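Just so it is clear, none of the values below were taken in a lab; they were calculated from the coordinates. These numbers were taken from a predicted model, which means no experiment stands behind them. In this analysis, Cβ positions are derived from the backbone assuming ideal geometry, glycine residues included, and neighbour counts consider all displayed protein chains.
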Amino acid sequence: MEQNIKSTNASRKLHRVNWDNIQKSKEYSVLGLMSGTSLDGLDMAICKFTYDGENWLGAILEADTVEYKPDLKQRLSESMILSALSLSLLDQELGLYMGEQSRKFLEKKRLNIDFIASHGHTVFHQPERSLTVQIGNPAAIAVHSGLPTVADFRRVDVAHGGQGAPLVPFGDLLLFAEYPNCLNLGGVANITLHASEQISAFDICPANMTLNYLAQKEGKEYDKGGQMSSTGALNEGLLTELNSLPYFTKLAPKSLGREWFETEFLPLLENSGLSNRDLMRTCVEHIAIQISNSTRANEGKTLVTGGGAFNDFLIKRLRKLNTSEIHVPDNKMIQFKEAYVFAFLGLMRWFGANNTIPQVTGARKASSGGAVYLP
């Protein structure tokens with residue numbers, strides 16, 4: 001899927017991006033690596049970018065997810081409680097794994113790239129304490145892949161007083177300029193809204209976190225295609241309670257975590273006395289309503305990616321309630337958008353261009369996040 005990345009004067013001004021030292025018409029190839037909190041595996045996306053002096057063109061050439069072996073997956077899930085030594089060893093092991101998987105993937109696809117851009121796997125993220133830690137040792141990635149590696153994207157922004165997140169809105173604005181709304185349906189639904197020189201990004205409401213929790217009570221890992229939720233009955237009383245939670249009237253910037261879900265949201269479900277399928281149906285409606293409320297002031301297309309984009313019933317309700325045109329891209333972009341964006345953030349760092357938005361992260365200034373490791 002090719003994207004026309006429009007480097008408008010407004011976006012240049014907003015991000016203080018200097019692309020003058022980037023060679024025109026040269027094709028840059030980057031392998032983006034992403035390991036998310038869902039622990040599905042290592043996402044790998046081979047991406048190409050070209051710049052004609054005014055616009056960028058970008059595309060995902062090849063992509064794949066390598067599932068983590070049970071032992072590694074277990075240790076990653078417990079990484080925040082490991083000893084300092086055990087965490088350091090896991091950091092090195094994951095970096096070696098990422099480097100080897102990158103090399104095998106590139107050899108299999110018979111493609112050459114300029115460098116790797118790795119988000120790593122987040123263990124700690126406490127920006128209020130100036131702390132953010134992503135493991136997957138980039139020196140090991142560089143050595144075992146034989147390729148330069150850009151990594152550690154968040155700490156410079158945190159050092160400037162920012163949250164180190166979200167970083168994806170930079171790519172949303174520049175890689176997906178035709179979409180004023182970029183919606184990600186992950187564990188939490190989050191969105192980037194941009195118009196002219198204004199941009200905001202925030203968490204909307206729990207999404208797959210809720211639906212997967214309820215599906216697992218029915219013996220399924222997730223609600224495939226929204227089949228179970230579509231057979232449930234909508235409960236107006238619970239819907240009103242969910243929509244009335246104080247979070248939904250707060251102004252951005254705002255974010256949600258597992259703690260809020262367990263203490264504020266989940267008790268309303270568990271005390272309702274409803275069946276799991278009725279709960280799922282009601283939660284789908286709640287998600288669709290909150291997303292529609294978030295996009296109402298920003299007309300135009302809404303790009304939808306993340307695992308929830310495969311929930312046909314949720315997408316149907318979004319299209320029914322939303323005034324914005326809902327666009328679901330091809331499966332490759334749905335699954336690998338984050339790896340694609342971090343490949344682009346890595347390219348910006350490669351040239352020393354800014355790749356953060358202080359209006360979104362809360363930092364004192366824009367910065368070029370990431371460090372370069374040579375093999």
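Things to note:
- Taking the Cα centre of the range 70-128 as origin and assigning +1 to Lys and Arg Cβ atoms and -1 to Asp and Glu Cβ atoms, the resulting dipole is close to 400 debye.
- Charge dipole of the chain (Cα centre as origin; +1 on each Lys and Arg Cβ, -1 on each Asp and Glu Cβ, all else neutral): 600 debye, rounded to the nearest 20.
- Helical mean residue ellipticity (222 nm; -39500 (n - 2.57) per DSSP H run of 4+; nearest 500) of the chain: -11000 deg cm²/dmol
- The distance between label points at Trp260 and Ser275 comes to 3.2 nm (points 7 Å beyond Cα on the Cα→Cβ vector).
- Bridging of Lys320 to lysines at a Cα separation below 18 Å is possible for Lys301, once same-chain residues fewer than 8 apart are set aside.
- Debye, to nearest 20: dipole size of the range 162-226, +1 on Lys, Arg Cβ, -1 on Asp, Glu Cβ: 240
- Charge context of Arg317, other residues only, Cβ under 14 angstrom, K/R +1, D/E -1: +1
- Phi-derived couplings, Karplus 6.51 cos²θ - 1.76 cosθ + 1.60 at θ = phi - 60°, listed residue by residue for the range 359-375: 4, 9, 7, x, 6, 6, 7, 6, 8, 9, x, x, 10, 9, 10, 9, x Hz, with x used for Gly and Pro.
- Subset of Lys24/Lys109; Lys24/Lys254; Lys69/Lys332 violating a 28 Å alpha-carbon distance limit: Lys24/Lys254
- Considering only Leu238, Leu76, Leu131, and ranking their Cα positions along the charge dipole of the chain that arises from unit charges at the beta-carbon of Lys, Arg, Asp and Glu, the one farthest toward the positive end is Leu131.
- Between 0 and 90°, nearest 10: helix 331-350 axis offset from the chain longest Cα axis: 40
- Positive-end ranking of Ser86, Leu106, Gly58 along the dipole of the chain, with charges on Cβ about the Cα centre, is headed by Gly58.
- Set of aspartates and glutamates near Lys224 by C-alpha distance (under 15 Å), chain-local residues within fewer than 8 positions excluded: Asp312
- Centroid-to-centroid separation of the range 199-233 and the range 80-159 [C-alpha atoms, Å]: 30
- The range 124-230: projected area of the alpha-carbon convex hull, averaged over directions, in nm²: 10.5
- Reachable aspartates and glutamates, given that their alpha-carbon falls under 20 Å from the alpha-carbon of Lys108 and they are not under 8 places away in the same chain: Asp43, Glu62, Asp64, Glu67, Glu100
- Net charge of neighbours whose Cβ lies under 12 Å from the Cβ of Asn184, counting Lys and Arg as +1 and Asp and Glu as -1: -2
- The range 178-332: antiparallel DSSP beta bridges as a percent of all, rounded to 5: 65
- Loop-located GluC sites (Glu not before Pro) in the range 187-289, at most 16 other Cβ atoms within 10 Å (DSSP): Glu197, Glu218, Glu221
- Alpha-carbon Debye profile of the chain, log10 I(q)/I(0) at 0.08 Å⁻¹: -0.40
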